[in-house]
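Working notes, structure below.
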Amino acid sequence: MSEYKNATNAIHAGVRQTQEQENSEAIFTTSSFAYGSAAEAAAKFGGDEDGNIYSRFTNPTVEMFEKRLAVMEKGEAAIATASGMAALMTMAYSLLKQGDRVVCSRNIFGSSIKFFNAYTVKFGVEVIYVDATDYDAWEDAINANTRLCYFETPSNPLYEVVDVERVSALAHAKGALLCVDTVLATPALQNPLTQGADIVMQSATKFIDGQGRSLGGALISSQEIVEHFVAFMRSAGPTMSPFNAWILLNGLETLELRMKAHSKNALQLAQYLEQHAKVKKVNYGGLPSHKSHELAKKQQKDFGGLLSFELEGGKEAAWGFIDRVQLMSITGNLGDTKTLVTHPATTTHGRLSPDEKEAAGIADGLVRISVGIEDISDIIEDVEQALNGI
Ligand SMILES: Cc1ncc(COP(=O)(O)O)c(C=O)c1O
């Protein structure tokens with residue numbers, strides 16, 4: 001592993017060069033690779049010789065992205081996937097079998113809940129949801145059948161902060177693995193593998209891309225665990241395309257700089273919202289009033305770009321606010337240089353049943369803002385005029 005700091009790794013780690021000695025990473029747009037002989041093909045397919053076989057599971061551009069991300073996350077290896085959800089599926093189907101239990105935070109991304117409830121359970125895997133900041137609840141729920149514990153920190157959209165060290169100790173005591181989704185923190189702000197997690201899951205679609213151009217995901221872990229994921233990828237194929245890998249490699253180069261700018265703007269917007277009379281509650285770990293502010297300070301380098309807030313007046317007030325914004329884009333994405341606004345209850349968490357929404361804490365009056373890197377005074381002005389209108 002490289003000895004460089006992460007800002008340097010983000011630009012240099014994983015680079016591979018062709019004979020041309022290109023100065024920007026090459027995009028290998030090829031589905032397969034050619035060999036000099038039948039024996040060479042057989043040796044590569046059989047794993048006796050290293051080398052690329054077929055881009056469903058190995059491709060040089062994708063591999064550069066995997067190597068760079070693994071170094072930045074302080075992991076031994078990484079596998080890139082077609083999206084963040086493809087990463088969750090790859091992990092679940094590679095590691096779980098009938099009779100296993102997953103203990104999961106109830107406060108996670110809507111599609112992750114839907115994936116567990118609709119597609120994991122039907123293969124005979126039990127999924128138990130817990131309040132992720134209640135460590136007694138984790139301890140009670142993790143039993144001898146538990147193979148996997150899973151949570152987001154910080155969580156989307158409620159900014160719940162979960163203690164990685166504490167849950168990893170509880171999981172490991174019963175022989176379970178811990179996977180942490182740190183899509184909101186990114187490797188620029190937190191490295192859960194150094195805090196006791198076994199696997200990190202990323203949606204590269206978000207801050208890693210940074211400009212809303214492409215989908216991608218990744219799992220970062222030990223070499224041994226990543227080999228299980230590679231075997232699944234070879235058979236199932238939720239693969240990242242070389243072109244997306246190239247975009248995301250470039251995204252990693254500016255990640256640290258962007259996360260600093262996102263964090264600075266988000267804190268200022270959170271402070272503004274907190275004192276506004278129409279705002280019931282602001283969810284942002286950078287505010288000293290946040291219940292896990294100290295923990296966020298301890299396990300993160302900064303607080304990131306995502307916050308949410310609750311308005312009095314439920315869905316009508318939330319939609320009234322969203323329909324009045326002028327600078328912000330109304331979209332379900334997050335992590336863009338542009339400021340983005342979302343109504344989770346009817347978009348990202350819209351497929352959840354009323355009970356599932358309630359369990360996940362998604363209120364009708366909740367508004368999520370992914371704070372971009374525009375001038376903060378323009379962002380606050382837009383928020384102010386939209387709040388004044390409702
Ligand atoms: C926290 C979190 N995890 C996972 C995902 C899924 O990522 P993708 O959209 O790349 O499939 C998202 C998407 O919004 C997310 O916010």
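The values are calculated or read from the model by the stated rules, or taken from the named source; none is laboratory data. Remember, predicted model here, so these are calculated numbers, not experimental data. Counting neighbours? That spans all protein chains shown, and the Cβs are built from the backbone with ideal geometry, glycine included. Protein only, heavy atoms only, side chains kept; ligands, DNA and RNA dropped before computing areas. Shrake-Rupley method; radii C 1.70, N 1.55, O 1.52, S 1.80 Å.
Within the range 346-359, track down each residue that is in a loop (DSSP other than H, G, I, E, B) and without any contact (Cβ under 8 Å) to a residue 12 or more places away in the chain. Show your work before the answer.
Of the residues in the range 346-359, the ones in a loop (DSSP other than H, G, I, E, B) are 347-353.
Matches in the range 346-359: S353 only.
Just give me the residues in the range 294-319 being open to solvent by 10 Å² or more (accessible area, probe 1.4 Å) and closer than 21 Å to V367 by Cβ, in sequence order. First the steps, then the outcome.
Start the filter on the range 294-319 by keeping residues that are open to solvent by 10 Å² or more (accessible area, probe 1.4 Å), which leaves 294-295, 297-303, 310, 312-317, 319.
Within the range 294-319, F303, E310, E312, G313, G314, K315, E316, A317, W319 qualify.
Residues of the range 264-286 being of a type in the set (G, A, S) and under 16 Å from D378 (Cα atoms), which ones? Reasoning before the result, please.
Residues of the range 264-286 that are of a type in the set (G, A, S), as a first pass: 266, 270, 277, 285-286.
The answer is A266, A270.
Each row is one residue, and each column tells you yes or no for (1) within 16 Å of the ligand (Cβ to nearest atom); (2) under 20 Å from A171 (Cβ atoms); (3) in contact with a His (Cβ under 7 Å, 6 or more places away or on another chain); (4) in the same structural domain as K206 (by TED's automatic domain parsing).
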site: A34; (1), (2), (3), (4): no, no, no, yes
site: S37; (1), (2), (3), (4): no, no, no, yes
site: L96; (1), (2), (3), (4): no, yes, no, yes
site: R106; (1), (2), (3), (4): yes, yes, no, yes
site: S112; (1), (2), (3), (4): yes, yes, no, yes
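Considering (1) closer than 29 Å to S32 by Cα; (2) in a strand (DSSP E or B); (3) within 12 Å of the ligand (Cβ to nearest atom), say which one Y150 fails and leave the rest.
Y150 satisfies every listed condition except (1).
Here's the yes/no breakdown for (1) surrounded by 21 or more Cβ atoms within 10 Å (Cβ to Cβ); (2) in contact (Cβ under 8 Å) with a residue 24 or more places away in the chain; (3) touching a strand residue (DSSP E or B) at 6+ places or on another chain (Cβ under 6 Å); (4) not aliphatic (A, V, I, L, M):
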| residue | (1), (2), (3), (4) |
| --- | --- |
| K338 | no, yes, yes, yes |
| P344 | yes, yes, yes, yes |
| G361 | no, yes, no, yes |
| I390 | no, yes, no, no |
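Which one is farthest from G304 (Cα to Cα) among residues in the range 276-292 that are assigned to a strand (DSSP E or B) and within 22 Å of the chain's Cα centre (by Cα)?
Here the answer is V282.
Please go through the range 114-141 and pick out each residue that is assigned to a helix (DSSP H, G or I), within 14 Å of the ligand (Cβ to nearest atom) and either open to solvent by less than 40 Å² (accessible area, probe 1.4 Å) or hydrophobic (A, V, I, L, M, F, W, C) (or both).
F115, F116
Output the residues belonging to the range 363-376 that are in a loop (DSSP other than H, G, I, E, B) and either open to solvent by 40 Å² or more (accessible area, probe 1.4 Å) or over 15 Å from Y159 (Cα atoms) (or both). Give the derivation first.
Step one: of the range 363-376, the residues in a loop (DSSP other than H, G, I, E, B) are 363-365, 371-375.
The answer is D364, G365, G372, I373, E374, D375.
Would you confirm, using the coordinates I've provided, whether Q326 is exposed (fewer than 15 other Cβ atoms within 10 Å of the Cβ), at pLDDT 95 or above, in contact with a helix residue (DSSP H, G or I) (Cβ under 8 Å, 6 or more places away or on another chain) and part of a loop (DSSP other than H, G, I, E, B)? Steps first, answer last, please.
Details: exposed (fewer than 15 other Cβ atoms within 10 Å of the Cβ): yes; at pLDDT 95 or above: yes; in contact with a helix residue (DSSP H, G or I) (Cβ under 8 Å, 6 or more places away or on another chain): yes; part of a loop (DSSP other than H, G, I, E, B): yes.
Spelling it out, Q326 is indeed exposed (fewer than 15 other Cβ atoms within 10 Å of the Cβ), at pLDDT 95 or above, in contact with a helix residue (DSSP H, G or I) (Cβ under 8 Å, 6 or more places away or on another chain) and part of a loop (DSSP other than H, G, I, E, B).
What's the number of the condition Q190 fails, among (1) under 23 Å from Y284 (Cα atoms); (2) out of contact with any Ser or Thr (no Cβ under 6 Å at 6 or more places or on another chain)?
(2)
Give the residues of the range 211-227 that are buried (at least 24 other Cβ atoms within 10 Å of the Cβ) and within 13 Å of the ligand (Cβ to nearest atom), sorted by residue number.
So in the range 211-227, the residues buried (at least 24 other Cβ atoms within 10 Å of the Cβ) come out as 216-221.
Answer for the range 211-227, where residues must be buried (at least 24 other Cβ atoms within 10 Å of the Cβ) and within 13 Å of the ligand (Cβ to nearest atom): G216, G217, A218, L219.
Check V167, V102, V161 and return the single one that is within 23 Å of L352 (Cα to Cα), touching a helix residue (DSSP H, G or I) at 6+ places or on another chain (Cβ under 6 Å) and not hydroxyl-bearing (S, T, Y). Step through it out loud before you land on a result.
Working: V167 fails: within 23 Å of L352 (Cα to Cα); V102 fails: touching a helix residue (DSSP H, G or I) at 6+ places or on another chain (Cβ under 6 Å).
Every option except V161 fails the conditions.
Please verify whether G175 is assigned to a loop (DSSP other than H, G, I, E, B) and open to solvent by 10 Å² or more (accessible area, probe 1.4 Å), treating the condition exactly as stated. I'd like the intermediate steps shown before the answer.
Working: assigned to a loop (DSSP other than H, G, I, E, B): yes; open to solvent by 10 Å² or more (accessible area, probe 1.4 Å): yes.
So G175 passes the test.
Yes or no: M259 within 16 Å of the ligand (Cβ to nearest atom) and part of a loop (DSSP other than H, G, I, E, B)?
no
Residues in the range 4-41 that are over 18 Å from I247 (Cα atoms) and surrounded by 15 or more Cβ atoms within 10 Å (Cβ to Cβ): how many?
Of the residues in that region, 4 qualify.
Here are L269, L273, L248: which of them is in a helix (DSSP H, G or I), open to solvent by less than 30 Å² (accessible area, probe 1.4 Å) and assigned by TED's automatic domain parsing to the domain that holds T81?
Numbers: L269 fails: assigned by TED's automatic domain parsing to the domain that holds T81; L273 fails: assigned by TED's automatic domain parsing to the domain that holds T81.
Criteria check complete, one pass: L248.
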